[in-house]
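To keep things clear, I will list the structure first and then write my remarks on it.
The numbers here are math on the coordinates, done by the rules we state, and not lab data. Here the structure is a predicted model, which is why all the values come from computation and not from measurement. Every residue, glycine as well, gets a Cβ built from its backbone with ideal geometry; the counts of neighbours run over all protein chains shown.
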Amino acid sequence: MSTETTFEDGKLIVSRVYPAPRELVFEAWVETSKVQQWWGCAATTSVRSEIEPQVGGQYCHHMTIEGVGEVPGAATLTEFDPPARLAFESGSPAGPDETMLVTVDFTEVEGGTLVRLVHAGIPDMTVEGDVELRDIIRGGWTAALGKLDAFLATPSEG
């Protein structure tokens, strides 16, 4: 299966269907031992996570990225409705008064679970010279959701 991405109204929308039950897919997003096995971009070599599965709880993932080192990711859960939805808010590289919000919906569909992620508040900016931040974020989510597919396909998770 492939990951579909679009930008609509300033938001990145990422969707993918997983051939797994909704509860299992949701657990892969909120159980630390599972998240650490798939989270991160393609160059992520390890992940250290802190997850407090409740509204107001931490949803933090510190990725070690090949050639970069550790990249912290601190967020707070703003919605927690198992197994249907979770949302988390984090700071933005645009400044201390800006935030980004990621909402993830888990919907039962024929043959599995549709994950639809909406990443709002991505600043319109370039990083590392002339690379658009939104393209980096899109690549990261696309890779992560692909890694989630591989994780869910392992016999111990199926």
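Odds and ends about this structure:
- Residue check, Asp124 out of contact with any Cys (no Cβ under 8 Å at 6 or more places or on another chain), in a loop (DSSP other than H, G, I, E, B), surrounded by fewer than 18 Cβ atoms within 10 Å (Cβ to Cβ) and acidic (Asp, Glu): yes
- When residues in the stretch 38-48 are screened for being surrounded by fewer than 19 Cβ atoms within 10 Å (Cβ to Cβ) and either in contact (Cβ under 8 Å) with a residue 24 or more places away in the chain or more than 25 Å from Asp135 (Cβ to Cβ) (or both), 3 of them pass.
- Of all residues in the stretch 48-59 being assigned to a strand (DSSP E or B) and out of contact with any helix residue (DSSP H, G or I) (no Cβ under 7 Å at 6 or more places or on another chain), the one that is farthest from Val30 (Cα to Cα): Arg48
- Selection from the stretch 60-70 of residues that are assigned to a strand (DSSP E or B) and surrounded by fewer than 16 Cβ atoms within 10 Å (Cβ to Cβ): Thr64, Gly69, Glu70
- Within the stretch 78-104, being among the charged types (D, E, K, R), within 17 Å of Trp29 (Cβ to Cβ) and surrounded by fewer than 16 Cβ atoms within 10 Å (Cβ to Cβ) holds for Glu79, Asp81, Arg85.
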